[in-house]
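**Student:** First the structure, then my questions, so here it is.
We did not get these values from a lab; they are worked out from the coordinates using the rules stated. The model shown is predicted, which means the values in this text are computed figures rather than measured ones. Glycine also receives a Cβ, built like all others from the backbone with ideal geometry; neighbour counts cover every protein chain displayed.
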Amino acid sequence: MSDLFWILISAMVVNNFTLALFLGLCPFMGVSGRVATALRMGGANIFVLVLTAIAAWFLNRFILVDAPYLRIISFIVVIASLVQLVEMVVKKFSPTLFRELGIFLPLMTTNCAILGFAIFQTNRGYGLVQGLFFAIGAGLGLTLALVLMASIREQTELAIVPNLARGLGVVLIIAGTLSLAFMGFAGLFTS
Amino acid sequence: MSTLSNVPIGAAPAHSAPFHPETPRLELTASPHVHSADSTMRIMWTVVISLMPIVAASVVFFGISALLVIAAAVAGALVTERVTGPRNTLRDGSALITGLLLGLVLPAGMPLWMPFLGGVVAIGFGKVIFGGLGQNVFNPALVGRAFLQAAFPIAITTWPTSGSGLFALRGDNFALPLMSASAPDVVTAATPLGLLKFEQTGTDLWPLLIGNTGGSLGETSALLILLCGGYLAWKRYLDWRIPVSILATTGVLSGTLWMIDGARYPDPLFMLFSGGLMLGAVYMATDMVTSPVTRAGAWIFGAGIGALVVLIRAWGGLPEGVMYAILLMNAMVPFINRWTRPRVFGTPGRRSRA
């Protein structure tokens, strides 16, 4: 039990995919303009991660035992089809959200956070339950980073940012400072 | 234009007044009606003055090196503010406070170019990049400190002992950038929190209160910081709710842990008076720009910092977490402000709107 708890916390804050491992930076920069959008992007990420965890476990258990060299390509294929699924669902149920997320929804296919997650899960030899906790933790971590960034960006929208840093420049500085702050979680619950 | 607000609207200028000056008349003036002598400049310089006893104490404990480190941090902050910031912002004293606070959270033995660089990063990436005073998200001094912690983890955790002469250097203060510091004969000591974390040794309460323990310049004397902060709180230049909430949360949570397992977790008084908690709670967290605007928000903000401090100190890999706790809660401030937004008078409340 404490092992599962540690996996969750570790993926969420200690080894936060965005702020500690610097994975999945494109949605982090791209859809962090509004808190509501960021929250839904986080939700989509959690959904894809959970499905990926199940699919990756299945692939590792039954198929890739015989053909480990197919690992990355099969992961990408599986993730791409999962993202297609999410895209269709989102397009059907919330056209507004579909437009807000824009290119970043299909781009989840090539999102390094998702592929990285599948590879981490394989390398650490997680079982199905551990993988699910890892997925939820990683997804919550991505959501946390996105939402924090979005709320800060909403606040700094009215700030008189110097010309040279306007736009993505100041976003990168905020991301760097957030990452510095998350260094405080290093080594949490390991001793 | 500046005299416009003093002229009663609707009243004719005095020299052309047709009526007797004694006649009571209705004066209609534009707001604001209640004036206060407080201004950004006055508040900032009062804070600077209130920091002076702490600076003096650090010089008493750590000698001339303390003054050098603080001066280097201040110089870095002021130069950056002057070069990159908007015009005439040096006078408001906010960059000076950033420099002083940054200097006070560094150890005395650092090569001077590091505090200088920290000051540059603090003002440049902590404040100017967001548009200057009043628009920054994170406390600038802590941004500088976090940068130095990440860049020079060894130099920033080499704590000299207090005492041993006013003019003795506490480290190779004059090492050149990117050169390895020649190791002078300096007695170093772990901080009380480091002793606890890595060697399971406690420290008595009295040295913690007075401040003659190992540690950063200004984080050692809890009593003096409380006195100086009390003065600011009395002048209402800092929101007393934030430090009270931080200290109460830390005390209650660490007290609970201590009662559960007294051998593993330190007692709450040690938690309160060790490390940077006092300086952080009184001077860093109460930064007007980076703390919540509402009263309820101030309580939540402080409670969050206290909880994070206990979390990082008790279970984290680092002995001290006040800096990270404050930075993390700084990031939460937009959220806290949103949650605690007061109801506009005359509008239906959140519940009745449904």
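**Student:** What distance in nm lies between label points placed 7 Å from Cα along the C-beta direction at B:ARG236 and B:VAL252?
**Tutor:** Output for this residue pair reads 2.7 nm.
**Student:** For a protection proxy built on the mean count of beta-carbon atoms within 10 angstrom, sort A:62-68, A:109-115 highest first, please.
**Tutor:** Per-residue mean Cβ counts within 10 Å order the peptides as A:109-115, A:62-68.
**Student:** As I understand it, the value is the acute angle between the Cα axis of helix A:112-123 and the longest principal axis of the Cα atoms of chain A; what does it come to in degrees, rounded to 10?
**Tutor:** Helix A:112-123 sits roughly 30 degrees off the main axis of chain A.
**Student:** Another question, then. Could you work out how much longer the chain between A:GLU154 and A:ALA80 gets when fully extended? Use 0.36 nm per residue separation minus the Cα distance between them, nm to one decimal. All intermediate terms of the calculation are to be shown ahead of the outcome.
**Tutor:** Working: separation 74, 0.36 × 74 = 26.64 nm, distance 3.15 nm.
Full extension from A:GLU154 to A:ALA80 adds 23.5 nm.
**Student:** Report the extension gain between A:LYS92 and A:LEU39 in nm, rounded to one decimal, defined as 0.36 nm multiplied by the number of residues separating them, less their alpha carbon distance.
**Tutor:** Values: separation 53, 0.36 × 53 = 19.08 nm, distance 1.89 nm.
So the chain would gain 17.2 nm between A:LYS92 and A:LEU39.
**Student:** How many partner chain Cβ atoms sit within 10 Å of a residue's Cβ in peptide B:143-149, on average, as a whole number?
**Tutor:** That average works out to 3.
**Student:** For a Förster distance of 60 Å, can you work out the FRET efficiency between the beta-carbons of A:VAL65 and B:LEU90, rounded to the nearest 0.05? Don't jump to the answer; show the numbers that get you there.
**Tutor:** Numbers: r = 68 Å, r/R0 = 1.13.
That gives a FRET efficiency of 0.35.
**Student:** Note down the net charge around A:PHE93, summing +1 for each Lys or Arg and -1 for each Asp or Glu among other residues with Cβ under 15 Å from its Cβ.
**Tutor:** +2
**Student:** Something else: How high is the FRET efficiency from B:ASP267 to B:VAL344, r the C-beta distance, R0 51 Å, rounded to 0.05? Intermediate values should be presented prior to the final figure.
**Tutor:** Details: r = 46 Å, r/R0 = 0.90.
Once rounded, the FRET efficiency stands at 0.65.
**Student:** Further, regarding this structure: Computed FRET efficiency, Cβ-Cβ of B:LEU28 and A:PHE5, R0 56 Å: what is it to the nearest 0.05? Mind showing how you got there, number by number?
**Tutor:** Values: r = 65 Å, r/R0 = 1.17.
Rounded to the nearest 0.05, the efficiency is 0.30.
**Student:** Let me ask something else. Could you order the peptides B:120-129, B:337-346, B:223-232, B:24-33 from most to least packed, using the average number of other C-beta atoms within 10 Å per residue? Don't skip to the answer; put the middle values down first.
**Tutor:** Numbers: B:120-129: 26.4, B:337-346: 11.4, B:223-232: 19.1, B:24-33: 8.9.
Descending packing order for the listed peptides: B:120-129, B:223-232, B:337-346, B:24-33.
**Student:** OK, next. Extending each Cα 7 Å along its Cβ direction at B:VAL293 and A:MET29, get the distance between those two points in nm, one decimal.
**Tutor:** 3.1
**Student:** Is it possible to state the helix-based mean residue ellipticity at 222 nm for chain A, with each DSSP H run of 4+ residues giving -39500 (n - 2.57), the sum divided by total residues, to the nearest 500 deg cm²/dmol? What is it?
**Tutor:** Numbers: 8 runs with 124 residues, N = 191.
Result for chain A, helices only: -21500 deg cm²/dmol.
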